[in-house]
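S.K.: Sending over a structure as structure tokens; questions will come in a sec.
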Amino acid sequence: MTQKTPHRDPKAIAPESQQEGKLGKAVEKPEIKDESHAKAARSKATDVRSTSETPPASATPPVKSGAPASRKKVKQPKKDPPPTPAAIAAGKRPQREPETRSPAAKIHRADEKSRIEFVSAESTETAALPREPEKSASTGENRSAPVSDTGTPSMPEPVISGPEEKPERSSLETIGDSPVLEPVPPEPSEDLPEPEFSSQEPEPPPAVPAEPEPVAHHRVSTIPALFVVQITPELAPVAKVGGLADVVFGLSNELEIRGNHVEVILPKYDCLRYDHIWGLCETYKDLWVPWYGGAIHCTVYFGFVHGRKCFFIEPHSGDNFFNRGCIYGFNDDILRFAFFTRAAMEFLWKSGKNPDVIHCHDWQTALAPVLLFEIYKFLGMTHPRVCFTIHNFKHQGVTGAQVLQATGLNRPEYYFHYDRLRDNFNPHALNLMKAGVVYSNFVTTVSPRHASEAKDQGQGFGLEPTLHIHHVKYGGVVNGIDYNVWNPEIDCHIPHRYGVDTIGDKYRNKKALRDRLMIADSEKPIVAFVGRLDPQKGLELIRHAIFYTLHRRGQFVLLGSSPDGQINSYFWSLKHQLNDNPDCHIEIGFNEELSHLIYAGADMILVPSQFEPCGLTQLIAMRYGTVPVVREVGGLADTVFDKDYSYKPLNERNGYVFRDYDYGGLESALGRALSCYYDYPDHFRDLMKNAMRYDFSWKNPGQDYLNIYDLIREK
Ligand code: ADP
């Protein structure tokens, strides 16, 4: 979902290596000797596809959920420096409930697990269900329904060797005598009146349930309280670039509500929204993080971000990794986040934290499982398991060998292996996202549809073979949205609160939006786009939609920005071109508060993405009764069901969907939405209400992630 390194551009390697001298200025303090890691026993992992590249016989699969003999011998860490500060101590593992499972409980647990969308042949078939001719709508599954009844994931242990050689590798047979993992089946006229939403209610639809989505999440969980640490480059609202930030924010809260202990580790950027951090204080003054041959001195701060317990790592070095005014967009981004990841792991180890699950996100933190299973495991961190979530396959962190040297992993001959970190295309490059897939105990992306697209339909940006090899520990979970933040009934950023029963008040926000952006007050519908101005988001179609909407007597509001100067200047020129148009406003920049008013005041939200792993804007818009017009791809296909063509019952249809990425496709959906708004206002209002009634909270995805954690945790 976020940024930000050019994808497999061989040049991507050059800038990093050019900085070798500069980045090597780390303070000399070799506290941790990585040589010790090399001494660790390793066993062989082979790939039948490239036997000539078989790693040394002494190599070992980095993770063994099944508690290999070598790990059993390692004692729990007894660390020096001694007692951690009190605030850190507060983060110690919660008391575990005793594992007393009745057979019934096991069945129940297995039932919960079946809700995790495992990408298998079945899910691919689901994506290929027959649909309406031509403009078919989404065939995505209801997010709360299991996709694959037969999906029975086996052991989510990182697999280094290919399935051809040991197809049963991740099955329970590989666990040996370990009790760690149990078998878990796992659219006219200008004169036409605006819809009178505040007037009388439409006739109640005959015999339709009030809630369109059957929810089956009020279960008594058999999963004990877990200690989960999220290592992330972004967290809403303090460090937000895109949806990744919202996901970490919302998921952390949901997990806490369910009784788990959650901590978040992120860089202490100078551009943090400090007004959203409460009680910020130093909590660990002298954290020395190994870097190249020396170490960089860091200070760790603790603070609450709307209740989330957060640790912020501040390095003190000439590299100035996180004091650059923004989060991404630098030549050394890969080294910046490699350093952060190493620092986060070092902090966990030094502070004596021993989480059940480390949840890392995107390429920025994908080295966490590698560091854990290749270094820290041999220093005593044998307990944590790793869940890796891919928010955007486009940015994978393709880099050179320097990152190995910098992080202390060293041993290029070991890591430059196809089954480990070597990029699938460039044999002279390492791929951090691939590292996360290979080394993590479980890998998720942010919708079942996109999980399938990435693995089988060419949207994995080169990681398809790796996803196939590791398919048994790979699945899709649709993101939720935080209803404490995105809720028109309590939203403090909008002037008029409303709910599904008071939807007429939405139009007072529409007026407020017009007043704020100085667009004409008329009967016209407002179509909006909120998001990063990235080619992924369908920039040509967004531009076309602006002119098409104006042509169809609508109004258009755009809020977006891009780190790419060329794209930004294009939209600036478009803004100047349309500056005198009373029906259009283009706002270039990032403005969280304004985005709330747009979601509340617009009639339709446009998401015409080329690809979209999940997409949060359509989910947020629906919560605000703003009808999504989306392309049938990824998470958009999983969450938006076309008013005219969906297989869903009428009361479960919630938007407009088009398939073809061209002007005709866009007009087919946007045109129908604008016609419905003008010609059938009652139908349009029903659509708005259907959208508002959907449950896109974190309840279901929160349970899904808990099931994954439970599946992989050391038991
Ligand atoms: P991505 O993660 O690809 O950027 P998502 O749809 O998953 O896209 O998430 C985008 C999130 O970022 C949403 O919360 C959206 O409201 C927010 N957002 C994106 N651009 C802006 C902007 N210019 N101003 C305010 N919020 C923005």
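The values are calculated or read from the model by the stated rules, or taken from the named source; none is laboratory data. What you see is a predicted model, and the numbers here were worked out from it, not measured in a lab. Here the Cβ positions follow ideal geometry from the backbone for every residue, glycine too, while neighbour counts run over all protein chains shown. For accessibility, only protein heavy atoms count, side chains too; no ligands or nucleic acids. Shrake-Rupley method; radii C 1.70, N 1.55, O 1.52, S 1.80 Å.
S.K.: When segment 220-246 is examined, which residues are found to be open to solvent by 10 Å² or more (accessible area, probe 1.4 Å) and of a type in the set (Val, Ile, Thr)?
M.R.: VAL220, THR222, ILE223, VAL241
S.K.: In contact with a Lys or Arg (Cβ under 8 Å, 6 or more places away or on another chain), open to solvent by less than 10 Å² (accessible area, probe 1.4 Å) and assigned to a helix (DSSP H, G or I): is that true of LEU404 in this structure?
M.R.: yes
S.K.: Looking at TYR292, TYR274, TYR328, can you tell me which residue is among the aromatic types (Phe, Trp, Tyr) and either within 16 Å of the ligand (Cβ to nearest atom) or at pLDDT below 95 (or both)?
M.R.: TYR328
S.K.: Okay, next question. Being of a type in the set (A, V, I, L, M, F, W, C), farther than 11 Å from VAL229 by Cβ and out of contact with any helix residue (DSSP H, G or I) (no Cβ under 8 Å at 6 or more places or on another chain) is the filter here, so list the residues in segment 340-384 that pass it.
M.R.: ALA343
S.K.: While we're looking at this one, here's another question. Which one is surrounded by the most Cβ atoms within 10 Å (Cβ to Cβ), of the residues in segment 615-627 that are closer than 16 Å to VAL527 by Cα and near the ligand (Cβ under 10 Å from one of its atoms)?
M.R.: For segment 615-627, the residue satisfying everything is ALA621.
S.K.: Any idea how many residues of segment 247-289 are open to solvent by less than 10 Å² (accessible area, probe 1.4 Å) and touching a Gly at 6+ places or on another chain (Cβ under 7 Å)?
M.R.: Matching residues across segment 247-289 total 4.
S.K.: Based on what the data block shows, is THR502 among the hydroxyl-bearing types (Ser, Thr, Tyr) and in contact with a Cys (Cβ under 9 Å, 6 or more places away or on another chain)?
M.R.: no
S.K.: Something else now. For ALA366, state whether it is open to solvent by less than 10 Å² (accessible area, probe 1.4 Å), of a type in the set (Gly, Ala, Ser) and within 29 Å of PRO448 (Cα to Cα).
M.R.: Considered against the rule, which asks whether it is open to solvent by less than 10 Å² (accessible area, probe 1.4 Å), of a type in the set (Gly, Ala, Ser) and within 29 Å of PRO448 (Cα to Cα), ALA366 comes out as yes.
S.K.: Of the residues that make up segment 533-553, is at least one at pLDDT 95 or above, more than 28 Å from LEU244 (Cα to Cα) and charged (D, E, K, R)?
M.R.: Yes, there is a match, as at least one residue in segment 533-553 is at pLDDT 95 or above, more than 28 Å from LEU244 (Cα to Cα) and charged (D, E, K, R).
S.K.: Quick check, is PRO495 part of a loop (DSSP other than H, G, I, E, B), more than 29 Å from the chain's Cα centre (by Cα) and surrounded by 15 or more Cβ atoms within 10 Å (Cβ to Cβ)?
M.R.: yes
Let's see how each residue does on (1) in contact with a strand residue (DSSP E or B) (Cβ under 9 Å, 6 or more places away or on another chain); (2) over 27 Å from ARG324 (Cα atoms); (3) within 16 Å of the ligand (Cβ to nearest atom); (4) of a type outside the set (D, E, K, R):
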| residue | (1), (2), (3), (4) |
| --- | --- |
| THR232 | yes, no, yes, yes |
| VAL238 | yes, no, yes, yes |
| VAL247 | yes, no, yes, yes |
| LEU251 | yes, yes, yes, yes |
| ILE257 | no, yes, no, yes |
| ILE265 | yes, no, no, yes |
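S.K.: Conditions first: (1) among the charged types (D, E, K, R); (2) surrounded by fewer than 23 Cβ atoms within 10 Å (Cβ to Cβ); (3) more than 23 Å from LYS394 (Cα to Cα). LYS524 passes all but one, so which condition is the exception?
M.R.: Every condition holds for LYS524 apart from (2).
S.K.: Within segment 434-485, can you find the residues that are out of contact with any Cys (no Cβ under 7 Å at 6 or more places or on another chain), among the hydrophobic types (A, V, I, L, M, F, W, C), open to solvent by 10 Å² or more (accessible area, probe 1.4 Å) and not in a helix (DSSP H, G or I)?
M.R.: Residues satisfying the conditions are PHE461, VAL485.
S.K.: Inspect all residues belonging to segment 398-419 and state whether any of them is within 16 Å of the ligand (Cβ to nearest atom) and touching a Leu at 6+ places or on another chain (Cβ under 7 Å).
M.R.: no
S.K.: Continuing with this model, one more query. Take the residues in segment 560-569 that are open to solvent by 10 Å² or more (accessible area, probe 1.4 Å) and in contact with a Leu (Cβ under 8 Å, 6 or more places away or on another chain); name whichever of them is modelled with the highest pLDDT.
M.R.: Among those residues, the one meeting the criterion is ILE567.
S.K.: Quick one: is VAL386 open to solvent by less than 10 Å² (accessible area, probe 1.4 Å), in a strand (DSSP E or B) and at pLDDT 95 or above?
M.R.: Numbers: open to solvent by less than 10 Å² (accessible area, probe 1.4 Å): yes; in a strand (DSSP E or B): yes; at pLDDT 95 or above: yes.
Yes: the conditions hold for VAL386.
S.K.: Please indicate, with yes or no, whether at least one residue in segment 641-651 is of a type in the set (Gly, Ala, Ser) and either part of a helix (DSSP H, G or I) or open to solvent by 10 Å² or more (accessible area, probe 1.4 Å) (or both).
M.R.: no
S.K.: I'd like to verify a number: residues in segment 318-339 that are touching a helix residue (DSSP H, G or I) at 6+ places or on another chain (Cβ under 9 Å) and open to solvent by 30 Å² or more (accessible area, probe 1.4 Å), how many?
M.R.: 4
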